[in-house]
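Take a look at the structure set out below.
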Amino acid sequence: MQILVKSCKITTELIDKQQLVPLTLKEKLQLQTHKAMCKTCNAYEKQSKIIDSLITQWFGTNQTKKAKKLSLDKKTEIINKINKV
């Protein structure tokens, strides 16, 4: 069961990840299992979708597509900085 039930931190990472790339089957199960028990993560997902929608409206889809084309080095650098927090 612990394999499916992850922390809120991991769940919010999956929520953000699913907006950029498809999740694996395991990740989808982990996300759905956690959200079935956690109102906070459900609220986070709703708010995150609203924020993404507003950003797309304000800056257009071209800006969002550019963000998806970061180099692997830049992505790694960002991930490392996040993990240090």
Practice problem: Return the residue satisfying two criteria in turn: it lies in region 69-78 and is under 16 Å from Val21 (Cα atoms) and surrounded by fewer than 10 Cβ atoms within 10 Å (Cβ to Cβ), and of such residues it is modelled with the lowest pLDDT. | Solution: Lys69
Practice problem: Working only within region 12-45, note down all residues that are in a loop (DSSP other than H, G, I, E, B), at pLDDT 90 or above and of a type outside the set (A, V, I, L, M, F, W, C). | Solution: Pro22, Thr24
Practice problem: Give me a count of the residues in region 15-45 that are of a type in the set (Lys, Arg), touching a helix residue (DSSP H, G or I) at 6+ places or on another chain (Cβ under 9 Å) and farther than 28 Å from Leu70 by Cα. | Solution: 1
Practice problem: State yes or no: is Ser48 assigned to a helix (DSSP H, G or I), polar (S, T, N, Q), exposed (fewer than 13 other Cβ atoms within 10 Å of the Cβ) and without any contact (Cβ under 8 Å) to a residue 60 or more places away in the chain? | Solution: no
Self-check item: Single match in Lys81, Lys66, Lys9 (criterion: surrounded by 10 or more Cβ atoms within 10 Å (Cβ to Cβ) and at pLDDT below 95)
Solution: Lys66
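The values are calculated or read from the model by the stated rules, or taken from the named source; none is laboratory data. Everything numeric in this text was worked out from a predicted model, so none of it was measured. Cβ atoms come from the backbone with ideal geometry, glycine included; neighbour counts cover every protein chain shown.
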